[in-house]
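Bear in mind these aren't lab numbers, they're just calculated from the coordinates by the rules spelled out. As the structure is a computational prediction, the values presented were derived from the model and not from experiment. Don't worry about glycine lacking a Cβ; one is built from the backbone with ideal geometry, like all the others, and counts go over all protein chains shown.
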Amino acid sequence: MRVNPGWLVLAVLGSPGRAWGQQPSAPPPVSNESPAAPAPPAEGNASEPSPPAPPGPSSPPESAAPVTPAPPVVANDLPGPAPASNPPAPVAPAPVTPAADNAGTGEISGTSGGARRFDHDYEAWPLSLEARLGFDSRLSNAFDGAADEGLAGFGYAFGGYLQWAPEYAVGIELEHTGLGRARALSGQNSVDSEYSSNSAWLAARVFAWHNERLDLFVNLRIGLALQHVSALGTRQEQTFTTPAVSFSCSESDGPGLGLGGAVGLAYRLSRRFSLLTRLDATGERLSGETLGNCTNGIGSVSSVGGSLGLSFALDTTSPSVKSR
């Protein structure tokens, strides 16, 4: 590239005047644009002018106030109104109330307060009808001269108890008790006798301990007992040369006074049905004389026994009828 000599002379003459005698002109106004970065040195001839640098990004004016960034906003993915600032108060669960009786059986499926599923409704005066089957045994022999004597026998009983409170009940009992058997031998005379008693009792029951399904009770009773004997044997009525003849007979005697006590346990299978077990001690004043034309009576006896049975409870009245 060729340089004109005239331009060089003018440049040399103009530069000293500025440096030695002239005041510098006012500085150029400050531009808002950032200064351009210096271009890298070009290769080759140093006298060649550098290409202009690209304009830089404009800077914000100095008088502008700083902008505070807004807090981030969490986007709600679901459409609809924004959630409330205060969450709703929790709702208390409704109280559980007892359900109705199951198909009219009287069993309550739930409990509320003091009510329990297997409890009787004592305001309705429940009447418990009982049936028991068991055994009895005399405590001592009744015949001193007997060749053989059995002390045990089987028995059964039916009863009904009216209960107006959890602790007390009164009722009646009808009972058949086997008192055992006896065999007597004397020459050609022999007799096999079987004894029993049929009793009617007035009874009171006290529940010493109970919960929803178990009742422990003490039973006291007083009543009257009829003795019964059935005999079969041989009898020689005239001389020794006359052969003995066979006979059979049955007689009853009484009534005699009876006293008894028992300890029992009732287990409720449901509100209506209960399983019973009892241990009894009984004393009966019976005759020991000859009963009619049959044989001797057994006399007064004391016996113990045990039984197992079932009870069914039914309501005799409603609470509204009793309260009037």
Legend entry - Cα Rg, Dmax, region 122-323, angstrom units: 21.2, 81
Inset, instruction - Within 10 Å of each residue's Cβ, count the other Cβ atoms and sort Asp215, Asp119, Asp148 from fewest upward. - result: Asp148, Asp119, Asp215
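Below 8 Å between Cα atoms, with a sequence gap of 6+, how large is the relative contact order for region 122-323 in percent?
With pairs under 8 Å counted, the relative contact order is 22 percent.
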Inset, instruction - Set the Förster radius R0 to 56 Å, insert the Cβ-Cβ distance between Ser318 and Ser140 as r into 1/(1 + (r/R0)^6), and round the FRET efficiency to 0.05. - result: 0.65
Legend entry - Dipole of region 122-323, positive end: most advanced residue of Trp201, Pro126, His176 [Cβ charges, Cα centre]: Pro126
Inset, instruction - Quick one: order Trp201, Trp164 by neighbouring beta-carbon count within 10 Å, fewest to most. - result: Trp164, Trp201
Inset, instruction - Using only Cα atoms, locate the centre of region 240-272 and the centre of region 158-225, then give the distance between them in Å, rounded to an integer. - result: 10 Å
Inset, instruction - Quickly work out the Thr242-to-Phe273 label distance, labels modelled 7 Å from Cα along the C-beta direction, and quote it in nm with one decimal. - result: 6.1 nm
Inset, instruction - May I ask you to sort His176, His228 by Cβ crowding, counting other Cβ atoms within 10 Å and putting the fewest first? - result: His176, His228
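Filter the trypsin sites (Lys or Arg not before Pro) in region 202-273 down to the DSSP loop ones having no more than 16 other Cβ atoms within 10 Å, then list what survives.
Hits after loop and neighbour filter: Arg213.
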Inset, instruction - Apply 1/(1 + (r/R0)^6) to the Cβ-Cβ distance of Val304 and Ser230, taking R0 = 25 Å, and write down the FRET efficiency to the nearest 0.05. - result: 0.60
